[in-house]
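**Q** Before we start, here is the structure in question, set down as structure tokens.
The values are calculated or read from the model by the stated rules, or taken from the named source; none is laboratory data. Please read all numbers here as calculations on a predicted model, not as lab measurements. So basically every Cβ, Gly included, is an ideal-geometry build from the backbone, and we count neighbours across all protein chains shown. Only protein heavy atoms, including side chains, enter the accessible area calculation; ligands, DNA and RNA are left aside. Shrake-Rupley method; radii C 1.70, N 1.55, O 1.52, S 1.80 Å.
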Amino acid sequence: MSDHLHRLPTGPVDLSAIETDVAPGFDGGKSEGKAALFELGDELSDLQERLFAEGRSGSPRRILLVLQGMDTSGKGGVLRHTVGLVDPQGVRITSFKAPTQEELSHDFLWRIRRALPDAGYIGVFDRSHYEDVLIARVRELAAPEEIERRYTAINDFERELVDEGTVVLKCMLHISAAEQKERLLARLDDPTKYWKYNPGDVDERGQWPQYRRAYEIALERTNTPHAPWFVIPSDKKWYRNLTVGRLLHDALVRLDPQWPDADFDVDLERKRLIDEAPLT
């Protein structure tokens, strides 16, 4: 994964210098991109099932896919079109909303730890612990010194996860302000999408520069060797979905999960079944 073209380099981050409406590393267009993602499905499903089987047999390994991005960047689309290619029984999806009073009474990572996937699972965070250094920074929901503490806490937390056998795959779905505007307008043009429209999104757009800066700081401060960031151009929905699919595929291939050996006598069990008396 370290040689992936969307892996964020270390050092200062300037999101305005990273294009959003491109499809590097892929020669085809939308139809070819959708087909390429579909073709990944069988192998993704097989690898995910092997990972799940390992977990059932005592392996601690798991994958945590973190999806972050501005409103309309496509977190839901990735869940439907990419994560949806694998068996849902082996996936745990958590969509983090505004914290409850109980959650606010604990450290910000308390609710995150409670949502971690079990061994053998692919866990997906639709938004995540990064909200606590993004929206919290822009809206001043926490003191500056607390925000600073959280960057270090996040790095320590992710280091802990990796040491325990978790692959932490962090994807920032990068869209332009112009593309977000088009997607919001499209929701207003379609009565079946009214439910997805939130008037507050327009208010948040007014703070686009502040959010971009909050993302740049968070990406720079938490882009570590053990849990690097990938910034995915997301104006093209099909390319976004394909790229996350390839990253997930690469992570599973690197894990190379194996079917567990039988913990029973296979020949004996076969004989028992063959020799059993007729059932009535």
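**Q** If you line up the long axis of helix 208-222 against the longest principal axis of the chain, both from Cα atoms, how many degrees apart are they, to the nearest 10?
**A** The helix 208-222 is inclined about 50 degrees to the chain.
**Q** Highest first, please rank the peptides 267-274, 85-92 by the mean number of other Cβ atoms sitting within 10 Å of their residues.
**A** Packing proxy ranking, top to bottom: 85-92, 267-274.
**Q** In terms of the Cα gyration tensor, with a ≥ b ≥ c the square roots of its eigenvalues, is the range 39-130 rounded because a/c is under 1.5, prolate because a/b exceeds b/c, or oblate?
**A** Oblate, because a/c is 1.5 or more while a/b does not exceed b/c.
**Q** For the pair I93 and N198, what calculated FRET efficiency results from E = 1/(1 + (r/R0)^6), where r is the Cβ-Cβ distance and R0 = 25 Å, to the nearest 0.05?
**A** Details: r = 20 Å, r/R0 = 0.81.
Efficiency computed from Cβ-Cβ geometry: 0.80.
**Q** Cα-based Rg of the range 188-280 per 2.2 N^0.38 Å, rounded to two decimals?
**A** 2.11
**Q** With a Förster radius of 45 Å, plug the Cβ-Cβ distance of H4 and E102 into 1/(1 + (r/R0)^6) and report the FRET value to the nearest 0.05.
**A** 0.70
**Q** In the chain, if every C-alpha pair distance is counted and binned at 5 Å from zero, what percent goes to each bin?
**A** So the P(r) values, bin by bin, are 1, 5, 11, 15, 17, 16, 13, 8, 5, 3, 2, 2, 1, 1, 0.
**Q** Hey, in the GNM for the chain with a 10 angstrom Cα cutoff, which one of D201, D14, D107 fluctuates hardest?
**A** In the Gaussian network model the winner is D107.
**Q** Quick one: if you take sqrt(5λ) for each eigenvalue of the C-alpha gyration tensor of the range 114-266, what semi-axes come out, biggest first, whole angstrom?
**A** In descending order, the three semi-axes are 33, 23, 14 Å.
**Q** Report the label-to-label distance for L273 and D190 in nanometres (one decimal), using points 7 Å from each Cα along the Cα→Cβ vector.
**A** Label-label distance for L273 and D190, simple model: 4.7 nm.
**Q** Another one. Protein chains only, probe 1.4 Å: how do S16, S128 rank by accessible area, largest first?
**A** Putting S16, S128 in descending order of accessible area: S16, S128.
**Q** Taking the Cα atoms only, what angle lies between the long axis of helix 266-275 and the longest principal axis of the chain, rounded to 10 degrees?
**A** The angle comes out near 60 degrees.
**Q** What residues of the range 218-248 lie in the reach of a label at L40, counting those whose backbone N is under 14 Å from a point 7 Å from the Cα along Cα→Cβ?
**A** Once the point is set 7 Å along Cα→Cβ of L40, 230-234, 237-248 turn out to lie under 14 Å by backbone N, inside the range 218-248.
**Q** Calculated FRET efficiency, Q207 and Q258, Cβ-Cβ r, R0 30 Å, to nearest 0.05?
**A** Approximately 0.05, to the nearest 0.05.
**Q** Here's another thing I want to ask about it. If one takes the longest principal axis of the Cα atoms in the chain, at what angle in degrees, from 0 to 90 and to the nearest 10, does the Cα axis of helix 237-255 lie?
**A** 50
**Q** Separate question: Give the carbon-plus-sulfur fraction of the accessible surface of the range 104-180 in %, rounded to a whole number; probe 1.4 Å, heavy atoms of protein chains only.
**A** With neighbouring chains kept in place, the figure for the range 104-180 is 47 percent.
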